[in-house]
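The structure appears right after this line, and notes come after that.
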Amino acid sequence: LGNQVTHKNQKMLVHLVLINFKDETSTVNFQQITDAAYNLQEIPGVESLNYGENVSPEGLGKGYSHSLTMKFATSKHRDSIYLPHPIHQEFVRLFIPYTESILVYDFWE
């Protein structure tokens, strides 16, 4: 399926993951998680990916310190390719033990 050309009027499926890490997560752990997050770009169908730290000054993050945002052209790319993909499964195994909680929210933009 590879990278597809997207047009300005094409809706994209946004997959947003908010992450509340455990306090004991080390700098080394954060680097491993960051590297693994960016490896998700290798999965066919992932049109764009951003992983970053919450920098909002409002103080309304409710403990969610990081976000992972990806865009897909279709729900099939998310459901049938990305979610079961071995790179995604490895990422989940790596980062879940370091999380207090996660929130996944998908929407069409």
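Based on the alpha carbons, how large is the Rg to Rh ratio for the stretch 61-109 when Rh follows Kirkwood?
Looking at the stretch 61-109, the ratio lands at 0.99.
If amide H atoms are built 1.01 Å from N in the plane of the peptide, which residues on other chains or at least 5 residues away come under 5 Å of the amide H of Gly45?
So Gly45 has HN proximity to Gly2.
How much accessible area per residue does the stretch 14-108 have, in Å², with a 1.4 Å probe?
Counting only protein heavy atoms, the per-residue value for the stretch 14-108 is 58 Å².
Among Val14, Ala73, Ala36, which residue has its Cα positioned farthest towards the positive end of the charge dipole of the chain, with +1 placed on the Cβ of Lys and Arg, -1 on the Cβ of Asp and Glu, and the dipole taken about the Cα centre?
Going by the charge dipole, the pick is Ala73.
Rounded to the nearest whole Å³, what is the per residue volume of the convex hull around the Cα atoms of the stretch 11-75?
Numbers: hull volume 6.5 nm³, N = 65.
Spread over its residues, the Cα hull of the stretch 11-75 gives 101 Å³ apiece.
Kirkwood hydrodynamic radius for the chain: how many Å is it when counted over pairs of different Cα atoms?
Details: mean 1/r = 0.0680 Å⁻¹.
Kirkwood radius, the chain: 14.7 Å.
If you take the beta carbon distance between Ser48 and Phe107 as r and set R0 to 22 Å, what does 1/(1 + (r/R0)^6) give as a FRET efficiency, to the nearest 0.05?
0.90
Taking Cα atoms, how many degrees apart are the long axis of helix 27-39 and the longest axis of the chain, rounded to 10 and kept between 0 and 90?
With both axes taken from Cα atoms, the answer is about 0 degrees.
For the chain, which whole-number percentage of the solvent-accessible area (1.4 Å probe, protein heavy atoms only) is attributable to carbon and sulfur atoms?
That fraction is 53 percent.
Kindly count the pairs of lysines across the chain whose alpha carbons are less than 22 Å apart, treating pairs on different chains or eight or more residues apart as eligible.
Working: Lys8/Lys71; Lys8/Lys76; Lys11/Lys71; Lys11/Lys76; Lys22/Lys62.
Lysine pairs satisfying the spacing and distance rule in the chain number 5.
Could you state the angle between the C-alpha long axis of helix 86-95 and the longest principal axis of the C-alpha atoms of the chain, as a value from 0 to 90 degrees rounded to the nearest 10?
Roughly 20 degrees between the two axes.
So which trypsin sites (Lys or Arg not before Pro) in the stretch 1-101 end up in coil per DSSP with only 13 or fewer other C-beta atoms within 10 Å?
In loop regions of the stretch 1-101 (DSSP not H, G, I, E or B), the sparsely surrounded trypsin sites (Lys or Arg not before Pro) are Lys8, Lys11, Lys22, Lys62.
Given +1 on the Cβ of Lys and Arg, -1 on the Cβ of Asp and Glu, and no further charges, what dipole in debye does the chain carry about its Cα centre, rounded to the nearest 20?
380
The values are calculated or read from the model by the stated rules, or taken from the named source; none is laboratory data. The structure presented is a predicted model; accordingly, all values stated were derived computationally and were not measured. All Cβ positions, glycine included, derive from the backbone under ideal geometry; neighbour counts span all protein chains shown. Remember, those area values only see protein heavy atoms, side chains included, never the ligands or the DNA or RNA. Shrake-Rupley method; radii C 1.70, N 1.55, O 1.52, S 1.80 Å.
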